[in-house]
Amino acid sequence: MSLHSPVVFTDDPALTSEARARRWPVVSRDGATLRMSGVRQSAPLPEPNMDITAGSLTDVAAGGWKFVLDWVAKYVHRPLLVLEPGSWAGDLGRWAEATRGWGWTEASEVPGKGPSLSGLDSAALAELPAAPEPPSPADRIPGRGRMLLVRHGEWTERQGAWVDAAERIGLLVDIASDRILDGRDRVHVVADLGPANLTLDAGTGPLDPAYALALARAVDSGDPTLGAAGHWQVALEHWFKPRPDDFDVVVLAGPPVGFFGFGAFASRHWYARVVIDHATHAPWPADETAALLLKDWEQGWHLAADAVTVADEPTLGQVAPSGPDATVEVADGARMETLLQVLSDHSFTAM
Amino acid sequence: MSDPFDQLRARHDFVLFAVTYPHGWRTGSEFVRQRVRAYAAAGLEGVVVDYSPLNVESARWQPEDDAPVLSIRADQLASAIDAAVAGGSALLAHSPTPVAIDELRARVPGGRLAIWFHGYEVRDYRRLHGNTDTHTLTAIRHIRDGQNRDRFKAAAPLFADPAITKVFVSATQRRHSEFDVGIPATNTRIIPNFIDDDTYRARVRQPGEERRILLLRSFATHNYAGDIAVKALDLCSRRDGFSDLAITIRGYGALFREAVADVRRFDNVTVTEGFSSTAQMAALYDAHGVALVPTRYDTQGVMLGEAMASGAVTITNPVAAIPEFTDAKSSLVPRGNDPRAFADAIWHLIGHPEVMPKMSTAAAERVRAQCGRDQTIGLELELIKELSA
């Protein structure tokens, strides 16, 4: 557990009153200036909204947003940013978490009334749960293979089926997840901070130019990195790169599919076999250009996979194949077991 | 001053267009020069047009032993093609750029043109997904995607044109290219690269020679998979008997030093960084019983073929086109991208030296039958004759 000091970012009078009643500082916009209650010094507002995808962390604006966080840090000890849903400062919160380890949370939206702090504890200091202890390194154990299941969003029965299949054949299973999973062991909780994931290796300064340019191009083309879990791959690599884990098989369970590029990393970093599993598959967009783009991305992900599986026959026809010899198959529990058995087997047999 | 294109306008047995050709100080595309040399040895008279983007001077001829080379700037390509067409020569093009494909299609009567694809030219770059890490790919993805688009757009009408001969080095390469371009290729030939069994002369390996192991590989990019073999050797180092092996690692490239770091410490492993000439390679293969030829992608596997031709017992991976060029009788083929399986394969040989003579013989015979002169240069000479008719 760690104690954080809530600071509310809002221009809403009602929310401001609630915050003041709790003696929480309030940061509000006053034209091109940010003001904090009880603080004489103001801070210039670099842009009306902080939007990493739109370039808020490029060189020009990044310095301004850094100043804002430095200014908050000067007056608030270990801040917990409390934001309105859809706040102009949403990316600021994510960036603060990615680069400074601050907490951030959202006020609730009360139908007919607007944002409210009612869902949040009113104590002067907020206790944030400590980050879950990361699993110990997945060392090699003679005779026992290791599998990593990578999944995002709500836990599903199919994801459970992959874990069960792996355990039935004696694989030790780690799970990489964007959230805590109750009742599951060896879970690597890797937060998905959206485009703020791209700042994980950048320090508190501007975004890496490569990522900044890629974001700009993504906006132009509408590529899937802008969709669900689109930048989570970067967070996953940032998490696993320094760790001495060793996985034989990595199963990427979708949807969402935005992180499927992690398969190439798994293949390169661990020499792992990669399974891409589509529990369901969204229909391709009606717009032909958009559809071609998404199919191209999916084909690229599948090129790094050793197996591509789906849950049922209808989904089979929707998935983009990666080559003339590539197969996509329906995998149920029994087939999952067989597939994992084959993929995790390193033995060589001479003919 | 005479027009450098005058010589092109004369009739030749062939005019070969190459986007890169080894001459003078320039290396690379040795496999193209090998062909020119072979055509010359068969009595054909031809010229080479090198339109490398590195060429900055205007067209000038350079004498070479096998065929004169005309170096031109890329913007002179159209003129050079027109001159060659005027001479009535057969036109051969190796690894043409998308612009070159368009120019050749527009200017050359299809029945006189053959185009060779060796690998990258009509292949989705993501088939070699391990070659770039995420950060690098993020930075250059738009360039790579643009290259995909340009290449496939140029190749599609070419594939559809039944008059122009398209030469691939393997059926796998053709299949992958057709998928990536999105259209079946008409009028194709599958002609592998020639493996010179005079240079890589077969010697039957005997039991005992399995302990002399060679890893001779480029470490320029991840797809050459030198890291797999090195990691496999490191795994083998934990087995009894490893110190009885004599292991040579020779290669060069950006990944070399990092890849070999863990095995340099072993007394029985000799690590040398550097380029090897053909003669040096042949000598190295001859001096060893086993050649490790790991790979993550190959359209043929010329180094594998050279090692097999020399009679070395090879350990490679059954990925991409490799299964077209070897089999379990001629090589050990542990699954791809798996240092553990590769290590098991190495140790299988150590434990079964009796297989050495049979595998050695099978390997050399297979290469002779599949990639010997008749099946490669011979077919190309016939093709050139057809184009000249």
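Each label point was placed 7 Å from the Cα along the Cα-to-Cβ direction; for B:Trp61 and A:Arg184 their separation is 7.2 nm. Over the C-alpha trace of the protein assembly as shown, radius of gyration and Dmax come out as 30.4, 98 angstrom. Computed from the C-alpha gyration tensor, the three semi-axes of the ellipsoid equivalent to the stretch B:209-371 are 21, 18, 15 Å, from longest to shortest.
Our note on the geometry: Cα centres of the stretch A:1-55 and the stretch B:53-92, 69 Å apart.
Computed with a 1.4 Å probe over protein heavy atoms only, the accessible surface of chain A comes to 44 Å² per residue. The mean of 1/r over all pairs of different alpha-carbon atoms in chain B, once inverted, gives a Kirkwood hydrodynamic radius of 22.1 Å. At a probe radius of 1.4 angstrom, the accessible area of the stretch B:209-371 per residue rounds to 36 square angstrom.
Placing pseudo-labels 7 Å out from each Cα toward the beta carbon at A:Arg168 and B:His352 gives an inter-label distance of 3.3 nm. With a 10 Å cut-off around each Cβ of B:334-340, the average count of Cβ atoms from other chains is 6. Residue by residue along B:209-219, Cβ atoms of other protein chains within 10 Å of the local Cβ number 0 on average. In chain B, helical runs assigned H by DSSP with n ≥ 4 each contribute -39500 (n - 2.57); averaged across all residues and rounded to the nearest 500, the mean residue ellipticity at 222 nm is -12000 deg cm²/dmol.
What is the antiparallel percent of DSSP beta bridges lying wholly in the protein assembly as shown, to the nearest 5?
So the antiparallel bridges amount to about 15 percent of the total.
Think of a 1.4 Å ball rolled over the protein heavy atoms: the stretch B:100-203 then has 39 Å² of accessible area per residue. Placing +1 on each Lys and Arg Cβ and -1 on each Asp and Glu Cβ, with no other charges, gives the stretch B:209-371 a dipole about its Cα centre of roughly 120 debye. Shielding value for B:168-178 is 1, the average number of Cβ atoms from other chains within 10 Å of each residue's Cβ. Excluding B:Phe117 itself, what net charge comes from residues whose Cβ is under 13 Å from its Cβ, given Lys and Arg +1 and Asp and Glu -1? Combined, the nearby Lys, Arg, Asp and Glu give +3.
How many percent of the accessible area of the protein assembly as shown is carbon or sulfur, using a 1.4 Å probe?
Working: 16360 of 30890 Å².
Roughly 53 percent, rounded to a whole number.
DSSP beta bridges confined to chain A are antiparallel in about 25 percent of cases.
Between B:Asp240 and A:Arg217, the FRET efficiency estimated from the beta carbon spacing at R0 = 45 angstrom works out to 0.25.
Counted by Cβ distance under 13 Å from A:Pro142, the other residues give a net charge of +2, where Lys and Arg count +1 and Asp and Glu count -1. Residues of the stretch A:266-298 with accessible area at least 30 Å² lower in the all-protein-chain context than alone (1.4 Å probe)? Flagged in the stretch A:266-298: A:Ser267, A:Arg268, A:Tyr271, A:Arg273, A:Asp296, A:Trp297. In units of the compact-protein estimate 2.2 N^0.38 Å, chain A shows a Cα radius of gyration of 1.11.
Please label the shape of the stretch A:111-151 as rounded, prolate or oblate, based on the square roots a ≥ b ≥ c of the eigenvalues of the alpha-carbon gyration tensor (a/c under 1.5 means rounded; beyond that, a/b larger than b/c means prolate, else oblate). Note, shape of the stretch A:111-151 comes out oblate. In the stretch A:305-351, burial by the other protein chains removes 30 Å² or more of 1.4 Å probe accessible surface, compared with the chain on its own, from A:Pro324, A:Asp325, A:His346, A:Phe348, A:Ala350, A:Met351. Using R0 = 60 Å, the C-beta based FRET efficiency linking A:Arg22 and A:Ser136 works out to 0.90. If one takes the longest principal axis of the Cα atoms in chain B, at what angle in degrees, from 0 to 90 and to the nearest 10, does the Cα axis of helix B:77-87 lie? That works out to roughly 70 degrees.
For Cα pairs less than 8 Å apart in space and 6+ apart in sequence, what is the mean separation divided by the residue count of chain A, i.e. the relative contact order in percent? Could the numbers behind the result be given before it?
Details: 619 pairs, mean separation 49.4, N = 351.
This gives 14 percent for chain A.
Accessible area of A:Thr156 (1.4 Å probe, protein heavy atoms only, ligands and nucleic acids ignored): about 50 Å².
Which of these, A:Ala311, A:Ala210, A:Ala98, has the largest mean-square fluctuation under a Gaussian network model of chain A (Cα springs below 10 Å)? Taking springs between Cα atoms under 10 Å, the residue moving most is A:Ala210.
Using the alpha carbon gyration tensor of the stretch A:70-223, what are the three equivalent-ellipsoid semi-axes (square root of 5 times each eigenvalue), largest first, in whole Å? Can you show the working numbers first?
Working: eigenvalues 223, 95, 62 Å².
Computed over the stretch A:70-223, the values are 33, 22, 18 Å.
With 50 Å² as the minimum drop in accessible area between chain alone and full protein complex (1.4 Å probe), the qualifying residues in the stretch B:98-142 are B:Arg126, B:His129, B:Thr134, B:His135, B:Thr138. Extending 7 Å from Cα along the Cβ direction at B:Asp6 and again at B:Trp25 yields two label points whose distance is 3.0 nm. Quick check: net charge around A:Gly103, other residues with Cβ under 13 Å of its Cβ, Lys/Arg +1 and Asp/Glu -1? Result for the neighbourhood of A:Gly103: -1.
Provide the packing ranking of B:98-109, B:355-366, i.e. peptides ordered by the mean count of other C-beta atoms within 10 Å per residue, highest first.
Values: B:98-109: 18.3, B:355-366: 20.4.
In decreasing order of mean packing, B:98-109, B:355-366 become B:355-366, B:98-109.
For the stretch A:2-128, the calculated P(r), taken from all Cα-Cα distances in 10 Å bins from zero up to the bin holding the longest distance, is 13, 48, 33, 6, 0 percent. When chains A and B come together, the accessible area they lose, probed at 1.4 Å and totalled over both chains, is close to 3000 Å². Full extension of the segment from A:Ala290 to A:Val330, taken as 0.36 nm per residue of separation minus the current Cα-Cα distance, would add 11.8 nm.
The values are calculated or read from the model by the stated rules, or taken from the named source; none is laboratory data. Fair warning: this is a prediction, and the values are worked out from it, not measured in the lab. Methodologically, a virtual Cβ is constructed for each residue, glycine included, from the backbone with ideal geometry; neighbour enumeration extends over all protein chains shown. The accessibility values were calculated without ligands, DNA or RNA, using every heavy atom of the protein model including side chains. Shrake-Rupley method; radii C 1.70, N 1.55, O 1.52, S 1.80 Å.
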